[in-house]
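Asks: Just passing along the structure, written as structure tokens.
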Amino acid sequence: MRFPLLLASRYLYTRKSTNAIHVLAGLSILGMGIGAAALVLVMSVFNGFESLVFGLSNQFNPDIHIAPAQGKTFRPDSLWLARLGNDPDVLSLSRVLVENALFAYGEVQDIGVLKGVDEHYAAVSQVDSAMLDGQWELEDVAGSVAMVGAGLAAKLGVDTRDVFESLVVYMPNRKRTGPFDQPFLRRFLPPAGIFTIQPEIDMEYVITNLDFVQSITSHRGALSAVEIALQPGVDHRQALERIRDLAGTDFVVRDRLGQEESFLRIMNIEKWVAFAIMCLILLLVAFNVAGTLWMMVTEKRPDIAILKTMGATSTQVQKIFLYNGLLLCGVAFLLGSLAALSFYVLQHSYGLIPVPPGFIIDAYPMEIRWFDFVIVLFTVLSIGSLAAWLPARRAARMDAIIRGE
């Protein structure tokens with residue numbers, strides 16, 4: 001293996017008799033390098049958006065979320081809740097009831113999600129640290145109050161300083177028995193604070209205390225989920241498995257990744273579709289690599305004849321030009337990686353590519369993951385080996401004797 005690799009490295013750097021080969025080799029390295037850099041950057045942008053959205057949702061999502069496997073609500077047993085709360089890995093446990101509702105403020109109406117939580121909710125979520133206006137509280141001396149998402153508050157025109165205007169919550173009347181009964185139950189909920197986490201949550205959620213939601217939905221004692229915060233430093237995977245055993249088969253237990261499963265699946269699909277498109281572009285560049293190696297094989301025909309005369313096998317000759325193509329792509333990968341890292345530093349420092357106005361950040365987020373470089377290196381070398389295969393096969397089939405014209 002050392003002999004073909006040594007000759008391949010010499011053929012890559014030594015002077016060629018034809019300048020066109022130098023030009024084509026330089027263009028091949030440049031094209032493959034740009035492709036490798038593009039692959040790294042595309043993956044890092046998707047990584048950045050994934051980490052950004054996942055980090056923002058972590059302020060809202062608990063460490064562990066327990067929901068019924070069938071139906072929307074369930075009535076928990078006190079002993080069941082006690083077993084979960086007394087687990088040594090559990091820091092805090094909060095009971096939650098979620099329902100869709102119609103909200104009205106003044107003359108404006110919109111549909112959203114009403115989330116009722118108990119007094120332990122601030123310990124399992126970080127919503128209290130994401131307050132845009134007002135302070136986190138679920139009730140005051142007058143009764144229940146609302147924490148409104150910033151997007152929904154903007155659509156409704158909510159003013160937390162207006163003590164004379166309340167948020168009106170409409171919920172279907174499930175106890176309606178006759179045509180003269182009201183189709184909707186109506187309750188008043190003063191807005192006391194506005195929070196902001198991420199657009200999808202801000203545009204939908206209103207958070208208040210659990211008793212208010214249970215009363216308006218007529219689900220006394222019912223819950224939609226139990227949310228759990230784990231002790232700092234515990235092994236989340238082991239804790240998840242133990243809580244699944246405690247919860248039983250009638251419940252679905254998810255960690256933070258599981259709660260964002262749909263989002264992560266969509267992001268991964270988009271990421272690998274973009275990766276596949278860039279690979280197709282690299283395949284087009286690989287034709288240039290194949291052309292370069294083909295001309296190099298033609299130029300080195302006398303050398304191939306001498307090598308075979310001296311005892312080199314066809315397999316060794318084939319490996320020489322196969323390694324030549326791999327070395328060419330390896331150099332391109334190194335140059336592309338350096339270019340991608342340089343752009344990454346500049347993007348983080350100066351925000352070279354901004355996002356459209358109105359987003360929560362000013363520039364496209366990027367996150368370098370070193371495993372991505374392994375994937376890109378494997379992809380570049382695989383494409384390079386495909387491009388070098390035919391020229392290497394041609395070199396292996398050349399005769400050991402050069403016939404004169």
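Asks: Can you figure out the FRET efficiency of residue 123 with residue 173, using R₀ = 35 Å and their beta-carbon distance, to the nearest 0.05?
Replies: 0.55
Asks: Sticking with this one: Pick out which of 167, 152, 27 has the largest mean-square fluctuation in a Gaussian network model of the chain, springs linking Cα atoms closer than 10 Å.
Replies: Answer for the Gaussian network model of the chain: 27.
Asks: Using only helices, what value at 222 nm comes out for the chain when you add -39,500 (n - 2.57) per DSSP H run of length 4 or more and divide by the total residues, to the nearest 500 deg cm²/dmol?
Replies: Helix contribution divided over all residues of the chain: -17000 deg cm²/dmol.
Asks: Still on this structure: What distance in nm lies between label points placed 7 Å from Cα along the C-beta direction at residue 269 and residue 186?
Replies: Each label point lies 7 Å from its Cα, and together they span 4.2 nm.
Asks: Further question: Pull out the extension gain between residue 280 and residue 315, defined as 0.36 nm times the separation in residues minus the alpha carbon to alpha carbon distance; nm, one decimal.
Replies: 9.6 nm
Asks: Quick one: dipole size for the chain, taken about the Cα centre, charges +1 on Lys/Arg Cβ and -1 on Asp/Glu Cβ, in debye to the nearest 20.
Replies: 2860 debye
Asks: Also, quick follow-up: Give me the distance in nm between label points sitting 7 Å out from Cα along the Cα-to-Cβ direction at residue 82 and residue 107, one decimal.
Replies: 5.6 nm
Asks: On a C-alpha basis, how far is the centre of the stretch 226-301 from the centre of the stretch 334-384 in Å? Whole number, if you could?
Replies: With the stretch 226-301 and the stretch 334-384 each reduced to a Cα centre, they are spaced 16 Å.
Asks: A further question follows. For residue 363, list long-range residues whose amide hydrogen, built 1.01 Å from N in the peptide plane, is under 5 Å from its own amide hydrogen.
Replies: Long-range HN contacts for residue 363: 355.
Asks: For an R0 of 25 angstrom, estimate the FRET efficiency from the Cβ-Cβ distance between residue 261 and residue 361 and round to the nearest 0.05.
Replies: The value I calculate is 0.55.
Asks: Which of the aspartates and glutamates could a cross-linker span from residue 271 if the Cα-Cα distance has to be under 19 Å and same-chain partners fewer than 8 positions apart are dropped?
Replies: The qualifying aspartates and glutamates are 50, 260, 261, 367, 372.
Asks: How about residue 155: which aspartates and glutamates have a C-alpha closer than 16 Å to its C-alpha, ignoring those fewer than 8 places off in the same chain?
Replies: Qualifying aspartates and glutamates at Cα under 16 Å: 107, 110, 133, 165, 200, 202, 204.
Asks: I'd like to know which of 47, 340, 84 lies farthest towards the positive end of the charge dipole of the chain, counting +1 on Cβ of Lys and Arg and -1 on Cβ of Asp and Glu.
Replies: Of the listed residues, the answer is 340.
Asks: Helix 19-57 against the longest principal axis of the chain: what's the angle in degrees, Cα atoms only, rounded to the nearest 10?
Replies: 10 degrees
Asks: Distances over 28 Å make up what percent of all Cα-Cα pairs in the stretch 64-258?
Replies: Cα-Cα pairs of the stretch 64-258 separated by over 28 Å account for 30 percent.
Asks: With the radius of gyration and the Kirkwood radius both derived from the Cα set of the chain, what is their ratio Rg to Rh?
Replies: Looking at the chain, the ratio lands at 1.22.
Asks: Want the number for residue 132 to residue 369: 0.36 nm per residue separation, take away the alpha-carbon distance, what's left? Walk me through the numbers before you get to the answer.
Replies: Working: separation 237, 0.36 × 237 = 85.32 nm, distance 3.28 nm.
Extra length available between residue 132 and residue 369 comes to 82.0 nm.
Asks: Quick one: Karplus J couplings for the stretch 373-390, per residue in order, coefficients 6.51, -1.76, 1.60, θ = phi - 60°, nearest Hz, x for Gly and Pro?
Replies: Each residue's phi maps through the Karplus curve to give 5, 5, 5, 5, 4, 4, 5, 5, 5, 5, 5, x, 5, 5, 5, 8, 4, 5 Hz.
Where a number appears in this text, it was derived from the coordinates with a stated rule and is not lab data. What you see is a predicted model, and the numbers here were worked out from it, not measured in a lab. Positions of Cβ are backbone-derived with ideal geometry, glycine not excepted, and every protein chain shown enters the neighbour counts.
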